[in-house]
Amino acid sequence: MDDSVIDLTDSPATIFGQEEEKIRSQQCKQEYKSVGNISICSSNVPVQKFTTTKKNRPAFETELWSDKYAPKSQSDLAVHKKKIGEVECWIQKHLSAQSKLPPILLLIDQLLLGRQPQFSLSKDLDDKPFNRYVSSESQMSLFQQFLLRANKYNSLGIFGDDVSSKKVILVEEFPNVFYRDASTFHDIVRKYRKIGKCPLVFIVSDSTKGDSNERLLFRKDLQNELNIENISFNAVAPTSMVKVLTKIATQESNQGCHKFSIPSKTVLESIAMSSAGDIRGAINALQFACEKDTGDLMSGGRLKGKASLKKQSSRGSNKIKSKTKSENSANPDSELASIGGRDTSLFLFRALGKILYCKRDDPSNHSDLPRLPSHLSEHERDPLIINPEDVVEKSHLSGEYFTAYLHQNYLEFYTNIDDLVRSTEYLSDADYLTIDWAVSYDSLNSK
Amino acid sequence: MSLWVDKHRPTSLHKLDFHKEQAAHLKKLVQGGDFPHLLVYGPSGAGKKTRIMCLLREMYGSGVEKLRIENHTFTTPSNKKIEISTISSNYHIEVNPSDVGNQDRVVIQELIKTVAQVNQLETSTQKDFKVVILTEVDRLTKDAQHALRRTMEKYMSTCRLILCCNSTSKVIPAIRSRCLGVRVPAPSIEEICQVLQNICKKESLNLPSELARRIAEKSNRNLRRAVLMCEACRVQQQNFTADQEVTEPDWELYLKETAQLIAQQQSPKRLLEVRGRLYELLTHCIPPDVIIKGLLQELISNCDGQLKTEVVQTAAYYEHRLQMGQKAIYHLEAFVAKFMAIYKRFLEEGIADLF
């Protein structure tokens, strides 16, 4: 966008911790804000004003909890300690080294983990102002200018604090142009490598599989050529997520703008599960859920929460652990879809794979499972780990399409004709049983 | 130059070659001035369509023979455009709603509405209703059939429906009870021979009666097929000879080969091959019930006495499924798989008995 403006904004005062207040205020963020980005702020504007005379409670919520409770110190971070140490170590090393060539770091994570606040924190400890590049629409020339200018000039000491000469450039988003034309981006980075003075850090989200941004923009050869270092983060563990959520919930119910009872542990757990490692999403979901009473989430939440606990406790052997882990990403979903869980829909062939390479559990783990009567014992199978109905539902295909795809692919999974007979029978049954569902085909098709 | 089938199709009721008594009944029906909705059913190649056209000619005169093909476009409630072509004259319109698959309900409702809302132009000289011919009614979805039932009652004053299908078993009872059923049975071998002789006479050819008989037998009492085969023989050889080879349709040979493949080897891999061939047949518009029948006839010849009952029972089971279900391939494949399993067990037992 051509009408991008250079905005000199200070960071919002609310996120200052007591200790770091001084430190924080000296960092002046030089942000490129495209006009489109401003809409983000609009959520802060209260739509409706109403006055209440409550002591110590703000009249209305002005910001998202995820912003309000952004981590203020390293200890607040929900990421593994080792990783934080790694990042910190890297920055320390390169800031002190003052080497000729500017080092470049690539932070990769699978989901939104809140690296950016985390990153700013690790910086805070070092008393370094840093420059941020936030733009999704800017031209590549703007990007280049930013890099070079940020490199050349120090941050402005608007607040009268001493301006440190040490700084780090942090790039959070890339202009879209680069996804089409990665080579210009490579050129800019190479150029920076030659003339840059301070460490450069890129943050890349690797949420999409396959052709990820990271692979496109930072090819292996480029990484080798420019000596780019990689630090990747895993999804936030549910336990640490629950810890964060509990803290926020407690604090909010005491001091927040409206009273609510602290959600039970099971509700928090299911929120943590359904967010699949996205801590910001989890906090937002929590805030949304707490707008009203969370009691109504209990009925479903409790049962499932328990089930998930049980699952965790049953992780005895290593083998089962790996199984539950792989399914963890898909399973936690339906549980709390009511308050904005992640979109966990399955890609078609993944869904098919889940059926065709069906995983079954050891029956000894499910001693309470009902058994078939003796005359049907030949149909007895080990208990399923996944629920096939869930898979179909998540694939967002009509049953007819799904069976058609299954039918096309299932033959290769058989070696014995007698087993095959049974599966063909089932397919035939399925077709016969779903004739009355054909009506819904029309409405499905129209979408 | 048109095919013999079309060229020598009878155009009036009294020119029909067989089921003359029925033709007379139909004539009387028309002479009465009005008639109810008709449901014409019978095997393919028995002359259902011919009879319907003769009936229309009897009713409206030669005007019905001025045909035009029109393309209609309808919009479904979900905003999807569907196209269908119809054959029509001033007095009637013929359409095969199952051409559009699942959307046939829209075609039934919209098309009949547009036709029925326009009255006949000259009521003084003509009948005061139009005729809508729906073919392949047995392939309509349940939805469409219910829509049809309502439409039938609503527009009774301005239009008559003639429904045409192979079997009434897939037509809902509500429709069957609202129509006068007209069954057109397949012609006998002798009748087919007679028709072939008549056609050849008109073409000034000499057809040996033995050849005519062989063609008639190979045609499975399907007159259309018999005439086509006869013409095919003519193309092979200018003058007919009694011992001339009668070529069968290539899909039948293909079906026989498929049956052989099944009998040769019983494995999932072979089933995959067979599936490919079944798809091939289905995409060439061979009806699935014909396929299962053809397969059964070939496969049963490989079977022992006691095995036959089991195989036939399986075939009957899956044929029923075919009629009830939606996707033929599932049921065809299930039948083939089941046969493979039965046959393999039979072979293994046979080998075990040997030693």
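Where a number appears in this text, it was derived from the coordinates with a stated rule and is not lab data. Owing to the predicted nature of the structure, the values given are computational and were not obtained by experimental measurement. FYI the Cβ positions are ideal-geometry reconstructions off the backbone, even for glycines, and counts take in every protein chain you see.
In whole angstrom, how long is each semi-axis of the equivalent ellipsoid of region B:240-355, when you take the square root of 5 times every eigenvalue of its Cα gyration tensor and sort them from largest down?
25, 20, 14
Quick one: plug the Kirkwood hydrodynamic radius of region B:228-268 (C-alpha pairs) into Stokes-Einstein at 4 °C, 1.567 mPa s, and report D in µm²/s. Before the final figure, lay out the partial values.
Details: Rh = 12.4 Å.
Estimated via Stokes-Einstein, D reaches 105 µm²/s.
Among B:Ile286, B:Phe335, B:Thr241, which residue has its Cα positioned farthest towards the positive end of the charge dipole of chain B, with +1 placed on the Cβ of Lys and Arg, -1 on the Cβ of Asp and Glu, and the dipole taken about the Cα centre?
In chain B, that residue is B:Ile286.
What Kirkwood hydrodynamic radius do you get for chain B when you take the inverse of the mean 1/r over all pairs of distinct Cα atoms, in Å?
It works out to 23.0 Å.
If one puts a single equal scatterer on every Cα of region B:1-86 and applies the Debye formula without solvent, what log₁₀ I(q)/I(0) results at q = 0.14, 0.17, 0.19 Å⁻¹?
The calculated log intensity ratios at q = 0.14, 0.17, 0.19 Å⁻¹ are -0.65, -0.85, -0.96.
How fast does region B:1-151 diffuse by Stokes-Einstein, in µm²/s, taking the Kirkwood radius from C-alpha pairs at 20 °C and 1.002 mPa s?
Approximately 128 µm²/s, per Stokes-Einstein.
Go through region B:272-281 residue by residue and turn each phi into a ³J(HN,Hα) via Karplus (6.51, -1.76, 1.60, θ = phi - 60°); whole Hz please, and just put x for glycine and proline.
4, 4, 5, 4, x, 5, 5, 4, 4, 5
Consider all pairwise Cα distances in region A:346-404 and report the whole-number % of them above 18 Å.
Within region A:346-404, distances greater than 18 Å cover 46 percent of Cα pairs.
When the helix-only estimate is applied to chain B (DSSP H runs of n ≥ 4, each -39,500 (n - 2.57), divided by the residue count), what is the mean residue ellipticity at 222 nm, nearest 500 deg cm²/dmol?
So the helix-based figure for chain B works out to -17000 deg cm²/dmol.
Where in region B:205-293 are there GluC sites (Glu not before Pro) that are in a DSSP coil and have at most 12 other Cβ atoms within 10 angstrom of their Cβ?
B:Glu245
Considering all alpha-carbon pairs of region B:63-164, what whole percent are spaced by more than 23 angstrom?
Here the long-distance tail beyond 23 Å is 22 percent of all Cα pairs in region B:63-164.
Got a sec? Charge dipole of region B:1-139, +1 on Cβ for Lys and Arg, -1 for Asp and Glu; which of B:Asn102, B:Cys54, B:Phe74 is way out at the positive end?
B:Cys54
Taking amide H positions as placed in the peptide plane 1.01 Å from N, state which residues far from B:Cys159 in sequence (5 or more) or on other chains have amide H under 5 Å from it.
For B:Cys159, whose amide H was placed from the backbone, the distant partners under 5 Å are B:Lys130.
Kindly flag which residue pairs out of A:Lys68/A:Lys265; B:Lys27/B:Lys293; B:Lys15/B:Lys130; A:Lys81/A:Lys394; B:Lys7/B:Lys80; B:Lys113/B:Lys218 have an alpha-carbon separation exceeding 32 Å in this structure. Intermediate results must be reported in sequence, preceding the final value.
Working: A:Lys68/A:Lys265 22 Å; B:Lys27/B:Lys293 36 Å; B:Lys15/B:Lys130 24 Å; A:Lys81/A:Lys394 35 Å; B:Lys7/B:Lys80 39 Å; B:Lys113/B:Lys218 44 Å.
Over 32 Å apart, Cα to Cα: B:Lys27/B:Lys293; A:Lys81/A:Lys394; B:Lys7/B:Lys80; B:Lys113/B:Lys218.
In whole angstrom, note down how far apart the Cα centers of region B:192-233 and region B:34-106 are.
About 29 Å separates the Cα centre of region B:192-233 from the one of region B:34-106.
Evaluate the relative contact order of region B:77-153 (contact order divided by residue number), counting alpha-carbon pairs under 8 angstrom at least 6 apart; express in whole percent.
Answer for region B:77-153 is 37 percent.
Please give the helix B:48-60 orientation as an angle from the longest Cα principal axis of chain B, in degrees from 0 to 90, rounded to the nearest 10.
10 degrees
Can you give the charge dipole size of chain B about its Cα centre, rounded to the nearest 20 debye, using +1 on the beta carbon of Lys and Arg and -1 on the beta carbon of Asp and Glu?
So the dipole magnitude of chain B works out to roughly 1160 debye.
Going by amide H atoms built from the backbone, whose H comes under 5 Å of the H on B:Val182, apart from near neighbours?
Amide H neighbours of B:Val182: B:Leu39, B:Val40, B:Tyr41.
Could you please tell me the mean projected area of the C-alpha convex hull for region B:98-216, averaged over all directions and given in square nanometres to one decimal?
10.8 nm²
Run the Debye formula on the Cα coordinates of region B:200-257, all scatterers equal and no solvent, and tell me log10 I(q)/I(0) at q = 0.12, 0.29, 0.31 1/Å.
Each listed q maps to, in turn, -0.27, -1.34, -1.44.
Express the relative contact order of chain B as a whole percentage, based on alpha carbon pairs under 8 Å and six or more residues apart in sequence.
It comes to 15 percent, rounded to a whole number.
Over region B:179-233, what per residue volume does the convex hull of the Cα atoms give, in whole Å³? Walk me through the numbers before you get to the answer.
Numbers: hull volume 4.7 nm³, N = 55.
Spread over its residues, the Cα hull of region B:179-233 gives 86 Å³ apiece.
With a 10 Å cut-off between alpha carbons and a GNM built on chain B, which of B:His37, B:His146, B:His25 moves the most?
Greatest mean-square fluctuation among the candidates belongs to B:His25.
For region B:271-338, compute Rh as the Kirkwood radius over C-alpha pairs and then the Stokes-Einstein diffusion coefficient at 10 °C and 1.306 mPa s; write the answer in µm²/s, rounded to an integer. Intermediate values should be presented prior to the final figure.
Numbers: Rh = 12.1 Å.
Translational D for this selection: 131 µm²/s.
What average number of partner chain Cβ atoms lie no more than 10 Å from the Cβ of the residues making up B:333-344?
Other-chain Cβ atoms within 10 Å of each residue's Cβ, averaged: 5.
Hey, fewest Cβ within 10 Å first, where do B:Phe355, B:Phe346 land in order?
Neighbour counts put them in this order, fewest first: B:Phe355, B:Phe346.
So if I take the centroid of the Cα atoms in region A:352-407 and the same for region B:147-186, what is the distance between those two points in Å?
Going from one Cα centre to the other spans 44 Å.
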